[in-house]
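Asks: Have a look at the structure that comes next, please.
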Amino acid sequence: MNALFEYLIRLGDDSLIIGHRLSEWCGHGPVLEEDIAMTNLSLDFIGQTASLLKYAGEVEGKGRTEDDLAYLRCDREYKNILLVEQPNGDFGMTMMRQFLFDAYRKLLFERLVNAKDETIAAIAEKSLKETKYHFKHSSEWIIRLGDGTEESNRRVQDSLDTLWRYTSELFYTDAVDAELIAAGTIPSMEGLEEDWEKSVGEVLSEATLTIPTNNWKQEGGRKGMHSEHLGYILAELQYMQRAYPGLEW
Amino acid sequence: MVTEKQIWAYLEEVFDPEVPVLTVVDLGVVQKVELKDDGCKIVITPTYSGCPAMKRIEDDIHEKLAEKGIEKVEVELVLSPAWTTDWITEIGKKKLKEYGIAPPEDEVDKSVLFADPTVVPCPKCDSRNTKLISQFGSTACKAHYQCNDCLEPFDYFKCLR
């Protein structure tokens, strides 16, 4: 297995799937401004995906483009974390999923800008600027909804309780990460989880939300073991290329 | 033989498809112009990762330079150093304002959560009494504001550093 290819696929699949989930809000946002915001976020994520998967294709050296990788892989070949494929639910659920992911993605890119691999560093540098803004946006909503009305508080607290089980996978590591860190391709991720807990904790406390005490966690996405939701996402995402192979417009 | 300076001048005739008042030079997306034996190489950088205008800008550069008689043009897209609104030229900022889009203000780091909001003056009446309507606007690079005095709703070109 090519560790660098695998690593790029993981990061690229995370942004592709959360970008797709956000795009599902198009035309369904609770207010026009947030409808536009979520599709803007989606656009940033799809753009980051294109950079990551394009590079993955180059690293693999089999001539696969970013489109081949996005449209022609099966669910078991997708390596995104389970968090990003969870259904949108209500707006509070989507913002909570976004907030938990943005906090991680921001801290991750802050480290990856120092990667020795120049392409990864460049993608991280570009993406970090966008991710900071995303994190601010989702954090502000978590505070507004958490510290809002009784109903909005209940809804985002329920969302936090539902999604918390998927957060340990943000820090999943295996031989892939170890190999790249040992080779110096990417920097050490030491302290990532602690920084995330601190960053997330600050906002949740401001939002008067309670971090769940149930520590049961669910992982599997990084190994290609997904929840039932991913298949449906791919069915929609890949439909055109599966039905009309090679279609362009 | 065409000079580098001439090519820069030709690029001043290529406009940003989403903010057509700005040229690609005003916008600061052209990083480098390199003369080659029988043509040139133009290095551009995207404003945002998913900016859908990049492909169009690339095509427009090819088209414009072909029109000027330069057939062999290579357009390369680089991500680093990452684009910042600081690269929008002073002329560009002036054009934005005249067009009704508030140019980027000096903003605190976006990751600061609880800072005072940035004051964005109204491009129509210059009032500083304006409010943020939405952090995201008509394109990835803009936010949406409204003037509390003249009531003009306007786009703000977000500061990106």
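Just so you know, all these numbers are worked out from the coordinates, no wet-lab data involved. As the structure is a computational prediction, the values presented were derived from the model and not from experiment. A quick note on method: Cβ atoms are made from the backbone with ideal geometry, for glycine too, and the neighbour counts reach across all protein chains shown.
Asks: Past the 32 Å Cα-Cα mark, which pairs from A:K116/B:K95; A:K79/B:K36; A:K116/B:K64; A:K62/A:K132; A:K79/A:K116; A:K217/B:K55? Working shown, then result.
Replies: Working: A:K116/B:K95 40 Å; A:K79/B:K36 43 Å; A:K116/B:K64 38 Å; A:K62/A:K132 34 Å; A:K79/A:K116 23 Å; A:K217/B:K55 43 Å.
Pairs exceeding the cut-off: A:K116/B:K95; A:K79/B:K36; A:K116/B:K64; A:K62/A:K132; A:K217/B:K55.
Asks: Further question on the same structure: Which of A:L52, A:L100, A:L43 moves most in a GNM of chain A, Cα contacts under 10 Å?
Replies: Greatest mean-square fluctuation among the candidates belongs to A:L43.
Asks: Which whole number gives the average, over all residues in B:131-141, of C-beta atoms from other chains lying within 10 Å of the residue C-beta? Write out the running numbers ahead of the final one.
Replies: Numbers: counts 0, 1, 2, 9, 11, 13, 4, 2, 3, 7, 1.
Across B:131-141, the average partner-chain Cβ count within 10 Å equals 5.
Asks: Compute for the range B:4-83: radius of gyration divided by Kirkwood radius, i.e. Rg/Rh, restricted to C-alpha atoms, rounded to two decimals.
Replies: Details: Rg = 11.7 Å, Rh = 12.5 Å.
Radius of gyration over Kirkwood radius for the range B:4-83 works out to 0.93.
Asks: Can I ask one more? In debye, nearest 20: dipole of the range A:149-212 around its Cα centre with unit charges on the Cβ of K, R (+) and D, E (-)? Numbers along the way, then the final one.
Replies: Details: 4 positive and 15 negative charges, 38 e Å.
Magnitude of the dipole: close to 180 debye.
Asks: Between the helical axis of A:91-112 and the dominant principal axis of chain A, each derived from Cα atoms, what acute angle in degrees is found, rounded to the nearest 10?
Replies: It is inclined by approximately 50 degrees.
Asks: Between helix A:192-206 and chain A, what is the angle of the helix's C-alpha long axis to the longest principal axis, kept within 0 to 90° and rounded to the nearest 10?
Replies: Between the helix axis and the principal axis of chain A, the angle is about 30 degrees.
Asks: Would you list A:M240, A:M96, B:M54 from fewest to most Cβ contacts within 10 Å? Provide the component values of the computation, followed by the final result.
Replies: Details: A:M240 12, A:M96 31, B:M54 20.
Fewest-to-most ranking of A:M240, A:M96, B:M54: A:M240, B:M54, A:M96.
Asks: Please list, short to long, the whole-number percent of alpha-carbon pairs of chain A in consecutive 10 angstrom bins beginning at zero.
Replies: Histogram of Cα-Cα distances, whole percents per bin: 7, 32, 38, 19, 4, 0.
Asks: Another one. Express in % the proportion of alpha carbon pairs of the range A:120-184 at distances exceeding 19 Å.
Replies: Details: 1240 of 2080 pairs.
That tail contains 60 percent of the Cα-Cα pairs.
Asks: Now, a different point. For each of A:M93, B:M1, A:M1, count neighbouring Cβ atoms within 10 Å of the residue's Cβ, then give the residues from fewest to most.
Replies: On the way: A:M93 19, B:M1 4, A:M1 7.
So the residues, fewest neighbours to most, are B:M1, A:M1, A:M93.
Asks: Which cysteines in the protein assembly as shown lack any other cysteine whose Cβ sits under 4.7 Å from their own Cβ?
Replies: Lone cysteines by the Cβ rule: A:C26, A:C74, B:C40, B:C51, B:C141, B:C159.
Asks: Residue farthest toward the positive end of the dipole of chain B, with Cβ of Lys/Arg at +1 and Asp/Glu at -1: which of B:A82, B:P104, B:V24?
Replies: B:P104
Asks: Considering only B:V19, B:V120, B:V30, give the residue with the highest GNM mean-square fluctuation for chain B, with springs between Cα atoms whenever their separation is below 10 Å.
Replies: The residue with the greatest mean-square fluctuation here is B:V19.
Asks: Here's a follow-up. Within a 10 angstrom radius of each residue's Cβ in B:43-55, how many Cβ atoms of other chains show up on average? Whole number is fine.
Replies: Details: counts 0, 0, 2, 3, 1, 10, 17, 15, 3, 3, 0, 1, 0.
Average per residue, whole number: 4.
Asks: Say a paramagnetic label sat at a point 7 Å from the Cα of B:T3, along Cα to Cβ; which residues of the range B:24-46 have their backbone N under 19 Å from it?
Replies: B:32-41
Asks: Still on this structure, I have one more. What's the magnitude of the charge dipole for the protein assembly as shown around its Cα centre, counting Lys and Arg as +1 and Asp and Glu as -1 at the beta-carbon? Answer in Debye, nearest 20.
Replies: On the way: 46 positive and 73 negative charges, 4 e Å.
Dipole about the Cα centre, nearest 20: 20 debye.
Asks: Just in the range A:39-121: which trypsin sites (Lys or Arg not before Pro) are loop by DSSP and have at most 11 other Cβ atoms within 10 Å? Can you show the working numbers first?
Replies: Details: sites: A:K54, A:K62, A:R64, A:R73, A:R76, A:K79, A:R97, A:R105, A:K106, A:R111, A:K116; in loops: A:K62, A:R64, A:R73, A:K79, A:K116.
Hits after loop and neighbour filter: A:K62.
Asks: With the alpha-carbon atoms as the only input, what is the per residue convex hull volume for the range B:87-157 in Å³? Spell out each step's value before the answer.
Replies: On the way: hull volume 6.8 nm³, N = 71.
It is 95 Å³ per residue.
Asks: Which Rg and Dmax, in Å, describe the Cα atoms of chain B?
Replies: 17.5, 57
Asks: Please compute the Kirkwood hydrodynamic radius over the range A:111-220, one decimal place, Å, based on all pairs of different Cα atoms.
Replies: Details: mean 1/r = 0.0626 Å⁻¹.
The answer is 16.0 Å.
Asks: Give me the angle, in degrees from 0 to 90, between the Cα long axis of helix A:118-146 and the longest principal axis of the Cα atoms of chain A, rounded to the nearest 10.
Replies: For A:118-146 against chain A, the angle is about 20 degrees.
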